[in-house]
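Working notes for the structure below.
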Amino acid sequence: MSPCRPDQSLVLLQFKSSFSIEYNLSKLGSWKANTDCCTSWEGVSCDHFGYVIGLDASESWLVGNIDSNNSLFNLHHLQNVNLANNDITDFPQQMFHLPNLKVLDLSGNSHLRGSLPEFPPGSILQQLFLADTNYTGRIPDSIGNLKQLTWFQAVNCGFFGPLPHSLGSLEQLAVLNLGGNKFSGPIPSSYANLPNLTDLILSNNQLNGTIPPSLFTLPSLQYMDLRQNKFIGILDDEAFPNSISSPLTMLDLSYNLLQGNIPKFISKFTSLKHLELNSNNFHGAVDPRMFTSLKNLSVIDLSDNIMLLIDTSDLVITIPSLSIFAASSCNLSAVPEFLRYQPVLYNLDLSNNQIQGKMPDWLWNNLEDVDLSNNSLVGFEDPFSNHSSSSLRYLDLSSNHFEGSLPNFPKGTNTISLSKNKFTGAIPLTICNSSWSSIDLSHNQISGEIPSCFFNNFFMDQDPIAVVDLSKNKLQGMIPDTFGLECPLEGINLNGNQLEGPLPRSLVNCRSLSVLDLGNNQIDDTFPFWLEHLEGLQVLMLQSNKFHGLIRRRHIANSSFESLHIISLSANSFTGHLPLEYFPSLYLKGMYENQTSHFAMPDVTYLFLMFPNKGQALEYSSVQIPVLNAIDLSSNLFDGEIPTSIGDYKSLMSLNLSHNSLVGKIPSSLANLRQLESLDLSNNDLVGEIPSELTGLTYLSVLNVSRNHLIGMIPSGRQFDTFPSSSFEGNSRLCGIQLQIDCNPNKSGNVAPPSDHANQSNGTNFDWIFAVAGYGSGLVVGVVIEHFVLWRNRYYLEKFMNTIRFFQGKRPLRVRSLRRRRN
């Protein structure tokens with residue numbers, strides 16, 4: 001091989017100099033003058049004549065633009081260009097036209113803008129990867145000129161319009177992945193002319209019409225993913241030729257509007273392993289015998305087809321490879337008996353049905369993950385104690401009609417939810433004989449004390465989840481001070497019990513704790529500054545307890561509660577001035593508005609807060625905790641003025657300082673809280689006028705300054721014209737259209753109502769509740785006022801951890817997240 005030609009290395013060094021790079025992290029760090037670019041430069045490959053033909057600068061920390069004058073255009077022999085997973089923002093269309101270019105990978109540049117060029121005839125481009133970029137517009141029909149194209153991946157971009165018919169002329173095309181865009185219209189019939197197509201992924205678009213039957217007869221198609229579109233119609237058995245078989249191994253038609261019976265031609269897909277038909281409008285009888293010929297079928301999901309009639313009779317049949325079966329929300333009245341004969345079945349989801357009676361004992365034989373939540377079960381055919389060798393690991397029986405004492409569970413069970421039943425009595429000491437990943441016993445009538453061993457029996461599973469929810473019971477006594485040195489808990493909810501005494505100091509051992517809710521108990525302590533050592537703590541709820549005293553310390557730590565997004569100290573007996581300086585959360589102050597917290601919430605943990613606020617119906621759409629920021633210091637004994645520094649908390653969405661003894665004026669710096677949606681300063685001793693600057697808070701939907709000593713005209717305009725009179729009542733010298741009191745001193749007749757602090761409530765009805773449930777990524781918060789429930793989706797609000805995943809190196813619970821994605 002000839003050494004690198006000088007003109008080639010010069011071009012590459014010019015390309016390198018166009019970026020500001022941390023060279024010790026980048027492949028380009030090895031690109032140095034007076035060295036051979038063909039043999040010693042990482043990511044560079046050459047032909048026998050010393051011409052550069054391959055450039056791999058993926059994951060090289062490249063930030064910025066590649067303009068039309070970039071030196072790369074002088075590398076006329078380039079065949080393969082990989083710039084994936086950088087932060088390139090512009091890429092010239094001319095680069096698509098390099099004469100020898102065969103492979104171009106721009107995927108993972110999330111800020112990369114642009115649109116596809118027109119493709120001239122004669123291009124030899126074979127593979128084009130644009131996934132997870134910001135490319136938009138229509139895919140040009142001239143893409144049909146790429147006759148050698150074998151792989152086209154543009155998933156999670158911004159493309160829209162109809163799918164180009166010309167793609168159907170690319171006979172070499174093997175993989176077409178256009179999922180996660182905004183394509184509309186039908187699937188072109190020309191796509192049935194792709195003899196080498198193995199993967200067709202058009203999921204998460206806005207496609208409609210009927211699914212062409214000819215797609216199912218493509219001779220090479222193995223993977224078809226059309227989920228989450230708007231396809232309609234009936235899958236016609238007669239349209240599928242009897243003489244043609246299909247090599248399909250994965251078929252996902254979920255989350256569409258398909259109707260009719262489940263087609264019998266599926267039984268001809270003898271290679272099928274994974275079938276998802278959930279969340280459609282299928283109806284009619286389902287005879288499980290239609291699947292017995294599919295010897296490789298391991299996953300069946302029929303969930304959310306409420307008109308299906310799945311045979312529950314005692315059919316002695318075997319689907320030899322069936323390991324996962326889901327029929328959630330299918331109006332089942334009993335557990336289908338054919339399931340007991342499946343030799344490798346380990347994952348069963350029959351949640352959200354109408355299954356009655358007792359839980360069949362055969363469920364413990366081989367199953368590892370069972371979800372029977374939201375049914376009408378009343379008991380167990382056989383006690384758990386008789387199945388000590390059971391392989392059961394995950395069990396969700398929440399929202400049923402179980403009652404009596406808590407059962408003893410098989411020793412291997414490590415994740416369990418029994419919430420929203422009628423269990424009574426104490427937590428059995430046998431619970432300490434097992435190691436737990438997560439337990440949800442919330443919303444029962446469990447009494448007695450928490451066993452001293454309880455919190456020392458949790459471990460970190462391969463899935464990053466470790467939570468305990470004992471909320472809404474009748475537990476008494478002190479919280480055991482037995483959190484182990486390796487405590488893995490990420491969420492603790494003991495809200496709504498009768499727990500007392502001080503906070504256990506061993507809580508500080510839970511270094512991964514993100515959410516702590518101890519509200520609505522009788523805990524008697526001073527403010528726990530020592531919790532600041534939990535660097536990832538994002539939600540702290542101590543409301544409605546017996547906390548007391550000044551929130552004061554000699555020194556403010558630089559790392560004091562730096563990750564907090566939500567703090568509620570309401571309905572306690574804290575005194576002194578407002579302690580805002582002790583919670584200098586960088587996130588509350590909006591310093592990382594466009595960044596993700598480096599102490600991220602657990603990837604599969606969901607949080608739900610019920611946030612009653614004096615009857616005001618404030619609703620938030622689902623937002624991530626790093627976006628939702630709230631401070632609630634209401635119903636305490638705080639005095640002094642509201643500090644002007646409150647304006648530094650620029651990301652606040654909810655602020656409640658009501659029911660205290662605050663004095664002075666309402667600071668105009670509150671107008672800096674541009675994200676504020678709820679502000680409650682009621683029932684204090686505030687004076688002066690309402691700052692007119694507050695009318696600039698365009699997101700403000702709830703305001704309450706009632707029962708103070710405010711004077712003057714209520715500002716008008718924007719949201720202020722929509723607030724009811726109750727927001728301002730109890731201020732004898734306020735006037736304005738909101739109170740229907742004329743502010744003109746020359747007129748008379750209207751008399752403002754007297755201030756009536758005697759009727760102020762010293763209590764509060766605040767009741768923050770959270771339920772942790774596994775699903776997806778990130779941490780989601782729904783804020784709810786009184787009985788207003790934001791999240792009505794059964795997968796989030798109704799279950800504790802109904803979809804905790806075991807398939808990251810383990811086995812899954814939810815079928816709909818199991819499928820292998822080809823991106």
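Figures for the structure shown
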quantity	calculated
Strands (runs of 3 or more DSSP E) contained in the stretch 42-143 and holding at least 2 residues among the hydroxyl-bearing types (S, T, Y) and either surrounded by fewer than 19 Cβ atoms within 10 Å (Cβ to Cβ) or free of Cβ contacts under 8 Å to residues at least 40 places away in the same chain (or both)	134-137
Near pairs, Cβ below 8 angstrom, 6+ apart or cross-chain, from the stretch 430-445 (more than 13 Å from S417 (Cα to Cα)) to any residue that is small (G, A, S)	S434/G412
Top-ranked residue of the stretch 1-18 - restricted to ones that are farther than 18 Å from N80 by Cα and out of contact with any Phe, Trp or Tyr (no Cβ under 8 Å at 6 or more places or on another chain), ranked as modelled with the lowest pLDDT	M1
Matching residues, the stretch 43-76, being in contact with a helix residue (DSSP H, G or I) (Cβ under 8 Å, 6 or more places away or on another chain), modelled with pLDDT under 95 and of a type in the set (D, E, K, R)	E59
The one condition in (1) aliphatic (A, V, I, L, M); (2) assigned to a loop (DSSP other than H, G, I, E, B); (3) closer than 30 Å to T136 by Cα that L12 fails to fulfil	(2)
Some residue of the stretch 238-251 being closer than 18 Å to F291 by Cα, loosely packed, with under 14 Cβ neighbours inside 10 Å, of a type in the set (G, A, S) and in contact (Cβ under 8 Å) with a residue 24 or more places away in the chain	yes
Test: residue in the stretch 523-539 that is more than 30 Å from the chain's Cα centre (by Cα) and on the phi > 0 side of the Ramachandran plot	no
Unmet criterion (only one of (1) over 24 Å from V175 (Cβ atoms); (2) in contact with a Lys or Arg (Cβ under 9 Å, 6 or more places away or on another chain); (3) not hydrophobic (A, V, I, L, M, F, W, C)) for T249	(1)
Total residues in the stretch 163-178, condition within 17 Å of L116 (Cα to Cα) and part of a loop (DSSP other than H, G, I, E, B)	3
Complete set of residues in the stretch 19-41 that are within 23 Å of L98 (Cβ to Cβ), modelled with pLDDT of 90 or more and assigned to a loop (DSSP other than H, G, I, E, B)	W31, C37, C38, W41
Condition check for D301: in contact with a helix residue (DSSP H, G or I) (Cβ under 6 Å, 6 or more places away or on another chain), surrounded by 15 or more Cβ atoms within 10 Å (Cβ to Cβ) and acidic (D, E)	yes
Residue check for E22: within 41 Å of the chain's Cα centre (by Cα) and surrounded by 13 or more Cβ atoms within 10 Å (Cβ to Cβ)	no
Residues located in the stretch 283-302, provided they are closer than 15 Å to L348 by Cβ and touching an Asp or Glu at 6+ places or on another chain (Cβ under 7 Å)	P288, D301
Residue pairs meeting the criteria (Cβ under 8 Å; at least 6 apart or on separate chains; first under 14 Å from N572 (Cα atoms) and in contact (Cβ under 8 Å) with a residue 60 or more places away in the chain, in the stretch 534-546; second among the charged types (D, E, K, R) and in a loop (DSSP other than H, G, I, E, B))	S544/D767
Checking F216 against (1) out of contact with any strand residue (DSSP E or B) (no Cβ under 6 Å at 6 or more places or on another chain); (2) crowded, with 22+ Cβ neighbours inside 10 Å; (3) not in a helix (DSSP H, G or I), the condition it does not meet	(3)
Tabulated pairs, the stretch 182-205, first under 22 Å from S279 (Cβ atoms), second small (G, A, S) and buried (at least 20 other Cβ atoms within 10 Å of the Cβ), C-beta under 8 angstrom, 6+ apart or interchain	I201/G179; L202/G179; S203/G179; S203/G180; N204/G179; N204/G180; N205/G179; N205/G180
Selected residue (only one of L339, L309, L275, L322 is under 20 Å from D237 (Cβ atoms) and surrounded by 21 or more Cβ atoms within 10 Å (Cβ to Cβ))	L275
Selection from the stretch 206-237 of residues that are polar (S, T, N, Q) and farther than 14 Å from Y191 by Cβ	Q206, N208, Q222, Q228, N229
Of all residues making up the stretch 252-271, the number that are of a type in the set (S, T, Y) and either touching a Phe, Trp or Tyr at 6+ places or on another chain (Cβ under 9 Å) or modelled with pLDDT under 90 (or both)	1
Residue within the stretch 701-715 that is at pLDDT below 95, over 22 Å from H659 (Cα atoms) and among the hydroxyl-bearing types (S, T, Y) present	no
Any pair with Cβ under 7 angstrom, 6 or more apart, that starts in the stretch 478-501 at a residue that is touching a residue at least 60 places away in the same chain (Cβ under 8 Å) and ends at one that is of a type outside the set (A, V, I, L, M) and in a strand (DSSP E or B)	N493/D469; N493/D517; N495/D517
Some residue of the stretch 358-368 being surrounded by fewer than 20 Cβ atoms within 10 Å (Cβ to Cβ) and assigned to a strand (DSSP E or B)	yes
Residue that is nearest to D56 (Cα to Cα), among those in the stretch 100-145 that are aliphatic (A, V, I, L, M) and in contact with a Lys or Arg (Cβ under 7 Å, 6 or more places away or on another chain)	L125
First in the stretch 395-424 and on the phi > 0 side of the Ramachandran plot, second anywhere and among the small types (G, A, S) and not in a strand (DSSP E or B), Cβ under 7 Å, 6 or more apart	S399/S373; K420/S398; K420/S399
Subset tally (residues that are surrounded by fewer than 18 Cβ atoms within 10 Å (Cβ to Cβ), within 16 Å of D680 (Cα to Cα) and more than 32 Å from the chain's Cα centre (by Cα)) for the stretch 696-720	1
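Quick grid of which residues meet (1) at pLDDT below 95; (2) among the small types (G, A, S); (3) surrounded by 16 or more Cβ atoms within 10 Å (Cβ to Cβ):
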| residue | (1), (2), (3) |
| --- | --- |
| N457 | yes, no, yes |
| C487 | yes, no, yes |
| L499 | no, no, yes |
| S512 | yes, yes, yes |
| W530 | yes, no, no |
| L540 | yes, no, yes |
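The values are calculated or read from the model by the stated rules, or taken from the named source; none is laboratory data. Remember, predicted model here, so these are calculated numbers, not experimental data. Positions of Cβ are generated from backbone atoms using ideal geometry, with glycine treated the same way; all protein chains shown enter the neighbour counts.
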